[in-house]
Amino acid sequence: MASPFSLSASGALRQPGFLPFLTARLLGVFAQQMQAVVVAWQVYDLTRDPLSLAYVGLAQFLPMLLLLIPAGDLSDRMSRKRILGASWSVAALCAGLLFWLSAQHTTNVHLIYAVLVLFGCSRAFTGPAMQSLLPQIVAREHLAQALATNSMLMRTASIAAPVLGGVLYALGGGELTYGCAMIALVLAVLMLMRVPVLHAMPRTALTGRMWQRFGDGIQFIRSRPIILGTISLDLFAVLLGGVIALLPIYAHEVLKVGPEGLGMLRSAMAIGEVATGLWLSARPVRRHVGRVMFAAVAVFGLANLVFALSTWFWLSIAALMLAGAADMVSVYIRSALVQFSTPDTMRGRVNAVNMLFIGSSNELGEFRAGSSAALLGAVPAAIAGSLCTLAVVGGWMTWFKPLRDVDRLEDAARISGAPENQA
């Protein structure tokens, strides 16, 4: 009997709600990425202060960080589809406010920061609801293909959307870009209304206070080596081994390729991710998924080590493409394992914790890379980070043996103790 994971990606696309969900999410990603490009440009144009760009990120990150816990709890108690629609509606309101401020030619940057704080609040509820909704839309036997297809398309959108945002800004300024973003988010909400939720488990009343319920989620993660190992592996691999923050230094001082070369370096990893995502959407990993995931993280570390040592531009490009390909394999398996290992009633809280870890790894990883480069120099910092990633792989393979030994994705529910009909 053929494995269900041998089906092509068209199996997931034939699920009644998957295509409208993908369309809605693509519209949301395009809107938010276009908005991010333009708002950063406008704020810097108003202030000419590099620190103002840090405040742009901080205004969005802090409310998201503070609200992720209640957002995850709410996602386990209410309709995730309604929460996502409401959060996108607030994001559309933010785009409309930015459109109005741009049309008024405001020079008060604090008003823009205030809108971004509201936008950060909406993002806090978008994340857990959206990550937890897909398993309620797609049948379990098609979930692996759906996750791979979703990851690949979102990565493609994150590459294309900033370019489109720049083009729209050049054609019509902030008004045109923010207006298009607002329309895209409204269309995303309308498209989401057409998504049938066919595989949701009946919601049960959750007892206790919010912090107690979230504590139950933390305890659930701690008691499942597959989930704890998967989430913590992502945290430490990216925190210790990422080189993205060092690319400007490498382009200027090591490879001597200028801003054009920097653009190619930044695109190289994304190209590897998209190409691998296309492959995985048609041919998901079916066996030995635990070992494949660890191997992918090890390849990520080795590719970053090659980049750290390289003084040849095209070798550096190839190393970053390989790192991106390995990262896509790892992300795909990690996200699938978390979904398969978590019962539907716990997914909101688990995905909120996962987002906290991912956010921490990205933000703190850039700080770690920059501070290490300031202390040791860019090349030693990149080498040390790559070696730490390889050490993490070795340590996690020893400490999280159940994760290492997972054979098929559908085995994760049984090993973790999650009821299979909820996974």
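The values are calculated or read from the model by the stated rules, or taken from the named source; none is laboratory data. This structure is a prediction, so every number in the text was calculated from the model and none was measured. Don't worry about glycine lacking a Cβ; one is built from the backbone with ideal geometry, like all the others, and counts go over all protein chains shown. Calculation scope for accessible area: heavy atoms of the full protein, side chains included, ligands and nucleic acids excluded. Shrake-Rupley method; radii C 1.70, N 1.55, O 1.52, S 1.80 Å.
By average Cβ neighbour count within 10 Å, what is the ranking of 155-162, 190-197 from highest down?
The peptides rank, most packed first, as 155-162, 190-197.
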Here the Cα Rg-to-2.2 N^0.38 Å ratio for the stretch 288-347 is 1.42
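With a 1.4 Å probe and all protein chains left in place, how much of the accessible area of the chain comes from carbon and sulfur atoms, in whole percent?
67
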Output ordering of 169-180, 233-244, 331-342 (per-residue mean of other Cβ within 10 Å, highest first) is 331-342, 233-244, 169-180
With the 1.4 Å probe rolled over protein heavy atoms, the chain has an accessible area per residue in Å² of 43
Note on the chain: helices (DSSP H) long enough, at least 15 Å by alpha carbon along their axis, and hydrophobic enough, mean Kyte-Doolittle at least 0.0, are 18-47, 50-75, 80-103, 109-137, 143-192, 225-241, 258-282, 289-309, 313-341, 347-376, 378-399
By the Cα gyration tensor axes a ≥ b ≥ c (a/c under 1.5 gives rounded; else a/b larger than b/c gives prolate, otherwise oblate), the shape of the chain is oblate
With the charge dipole of the chain built from beta-carbon charges (+1 for Lys and Arg, -1 for Asp and Glu) about the Cα centre, the Cα from 241, 390, 69 projecting farthest to the positive end belongs to 69
Plugging the Cβ-Cβ distance of residue 163 and residue 62 into 1/(1 + (r/R0)^6) at R0 = 30 Å yields, to the nearest 0.05, a FRET efficiency of 0.60
Measuring from its Cα centre, the chain shows a charge dipole (+1 at each Lys and Arg Cβ, -1 at each Asp and Glu Cβ) which, in debye to the nearest 20, is 1020
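In terms of the Cα gyration tensor, with a ≥ b ≥ c the square roots of its eigenvalues, is the stretch 282-401 rounded because a/c is under 1.5, prolate because a/b exceeds b/c, or oblate?
prolate
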Per the stretch 219-271, sqrt(5λ) over the Cα gyration tensor eigenvalues, sorted largest first, in Å, gives 36, 10, 6
In the stretch 221-341, taking the dipole from +1 charges on Lys and Arg beta carbons and -1 charges on Asp and Glu beta carbons about the Cα centre, the listed residue (276, 337, 303) farthest towards the positive end is 337
Distance in Å, no decimals, from the C-alpha centre of the stretch 295-330 to the one of the stretch 23-47 is 29
Contour minus Cα-Cα span, residue 387 to residue 256, at 0.36 nm per residue, comes to 44.7 nm
